[in-house]
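Have a look at the structure below before the remarks.
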Amino acid sequence: MIPFDYTRAQSTEDAIHSIGIGGSKFLGGGTNLIDLMKLDVEQPSTLIDVTKIALNKIEPTETGGVWIGALVRNSDLANHPQIVAEYPLLSQALLSGASPQLRNMATTGGNLLQRTRCYYFTDTAFPACNKRVPGSGCAAIKGFNRIHAILGQSDQGPTNPHSCIATNPSDMSVALAALGAIVHVESIKGKRAIPIAEFHRLPGANPQLDTNLKPDELITAVELPPSPFAKNSWYLKVRDRQSYAFALVSVAAGLEMDGDKIKSACLALGGVALKPWKSLDAEKSLAGASPSIESFQRAAKLTLQGAKGYAHNGFKIELAKRSIVRALTIAAHGTSSGVTA
């Protein structure tokens, strides 16, 4: 780890004025950033500790949704009564991630900014990683790529300066994408609200960028709109072991039922792309349909349109389709039905 300066912000204004220093990074729980600093992947000149800023409240909004401060710990969010009752999908996603110790440290804002766990990104012994060193190539395309992307990737070739097949590791972000969250940020230029669908980026021509957050912006809150999916939702996470593992494929599924028909649906995938993956066509296909295996299989097929596997991760395409069907089937039975994955 290279030397760095440290300062503690006492307010949002203090933090966003401090970030003007080149090479600075905000520090919340530090559960990802500090690890990357130890690996020399991240090398900030200054850490701006924001943990003393009053951004740790969970409050109902006037429109019937919920306001989640950026410094709310993952464990507090997962177990908050309003989240458990009205957004069980988010609670399930959070409880499936990391360990209790890490959830006690990790923050909502920090979780949104998690970086990929691609082996070639986190190990600086591998020189070819366009996400870490733009223009160096993508070793994963011809390397061991079992955990890598099958959707939205940029894969023009292992030596192409834009190639990247990394995935986003966050469980929380998948649930937020399904629920239509809004990310609130602030800088010295003012405040803005970013729909979660526009917050994370696909690699495109800039694989080194994970989000559309500007370098001088601080995440202050996440806002959730009222959810019609509380009674029928499920977060399914498929991984190599039951705990302490990132998703090979995850599914956040919610259904709004109207008698024996689906009125509306939300659906997002994790572990398959550099951002939570949604298919509006799949969600639309479920509206008005019966909660049947056939309608769920149709939604799965639409969601995986254009998927591409590599030498070691081709299995994820079929796994994702089956996981979608499974998650929607459980959701249809009801969140409190006792049916398990």
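Computed from the coordinates by the stated procedures, all read-outs in this text should not be read as laboratory data. Since the model is a prediction, treat every value here as computed from it, not as a measurement. Cβ: placed from backbone, ideal geometry, glycine included. Neighbour counts: every protein chain shown.
Which stretch or stretches of segment 1-35 have amide N atoms under 11 Å from the point lying 7 Å from residue 124's Cα along the Cα→Cβ direction?
Once the point is set 7 Å along Cα→Cβ of residue 124, 1-3 turn out to lie under 11 Å by backbone N, inside segment 1-35.
If amide hydrogens are placed 1.01 Å from N in the peptide plane, which non-local residues have theirs closer than 5 Å to the one on residue 26?
48
Once label points are set 7 Å from the Cα along Cα→Cβ at both residue 294 and residue 260, what is their separation, rounded to one decimal in nm?
Here the answer is 1.4 nm between the modelled labels.
What is the gain in length, in nm to one decimal, between residue 216 and residue 14 on full extension, counting 0.36 nm per residue of separation less the C-alpha to C-alpha distance?
Result: 71.5 nm gained on full extension.
Using a Gaussian network model on the chain with a 10 Å cutoff between Cα atoms, which of 62, 223, 186 fluctuates the most?
Answer for the Gaussian network model of the chain: 62.
Starting at the first residue of segment 78-84, write each ³J(HN,Hα) from the Karplus equation 6.51 cos²θ - 1.76 cosθ + 1.60 with θ = phi - 60°, in whole Hz, x for Gly and Pro.
Result, rounded to whole Hz: 4, 9, 5, x, 5, 5, 4.
Given the -39500 (n - 2.57) contribution per DSSP H run of 4+ residues, what per-residue ellipticity at 222 nm results for the chain, rounded to the nearest 500 deg cm²/dmol?
The helix contribution divided over the chain gives -7500 deg cm²/dmol.
Which of these, 128, 205, 197, has the largest mean-square fluctuation under a Gaussian network model of the chain (Cα springs below 10 Å)?
205
With the cut-off at 21 Å, tell me which of the pairs 237/301; 38/275; 38/131 have Cα atoms farther apart than that.
The answer is 38/275.
When only C-alpha pairs under 8 Å and at least 6 residues apart count, what is the relative contact order of segment 233-333, in percent?
28 percent.
At a Cα cut-off below 15 Å, give the aspartates and glutamates reachable from residue 214, other chains included and same-chain residues fewer than 8 away excluded.
Qualifying aspartates and glutamates at Cα under 15 Å: 186, 198.
Compute for segment 41-94: radius of gyration divided by Kirkwood radius, i.e. Rg/Rh, restricted to C-alpha atoms, rounded to two decimals.
Here the Rg-to-Rh quotient is 1.11.
Measure off 7 Å from each Cα along the Cα-to-Cβ vector at residue 99 and residue 40, then give the distance between these two points in nanometres to one decimal.
2.7 nm
For the chain, modelled as a Gaussian network with Cα springs under 10 Å, which listed residue fluctuates most, 123, 281, 49?
Comparing 123, 281, 49 in the GNM, the peak value goes to 281.
Please tell me the relative contact order of the chain in percent, rounded to the nearest whole number, where contacts are Cα pairs under 8 Å and at least six residues apart.
For the chain, the relative contact order is 16 percent.
Select from segment 236-295 those chymotrypsin sites (Phe, Trp or Tyr not before Pro) which occupy a DSSP coil region and have at most 11 other Cβ atoms within 10 Å, ordered by residue number.
244
Compactness ratio of segment 233-333: Cα Rg over 2.2 N^0.38 Å, N = residue count?
Scaled against compact globular proteins, the figure is 1.04.
Under Stokes-Einstein, with the Kirkwood radius over Cα pairs standing in for Rh, what whole-number D in µm²/s applies to segment 277-341 at 25 °C and 0.890 mPa s?
In µm²/s, the coefficient rounds to 195.
Once the dipole of the chain is set up with Lys and Arg at +1 and Asp and Glu at -1 on Cβ about the Cα centre, which of 9, 182, 333 lies farthest towards its positive end?
333
Under 19 Å from a point placed 7 Å out from the Cα of residue 7 along the Cα-to-Cβ direction: which residues of segment 175-190 have their backbone N that close?
Residues passing the 19 Å test: 186-190.
Determine one quarter of the surface area of the Cα convex hull of the chain, which equals its mean projected area, and express it in nm² to one decimal.
The number I arrive at for the chain is 16.5 nm².
For segment 5-52, I need the span (max minus min coordinate) of the C-alpha atoms along each principal axis, in Å, sorted largest to smallest.
31, 21, 12
Hey, what does the equivalent ellipsoid look like for segment 129-233, semi-axes from the Cα gyration tensor as sqrt of 5 times each eigenvalue, largest first, whole Å?
Result for segment 129-233: semi-axes of 30, 20, 9 Å.
Treating cross-link reach as a plain straight distance, find the aspartates and glutamates whose alpha-carbon is under 19 Å from the alpha-carbon of residue 191, omitting any fewer than eight places away in the same chain.
13, 14, 216, 217, 223
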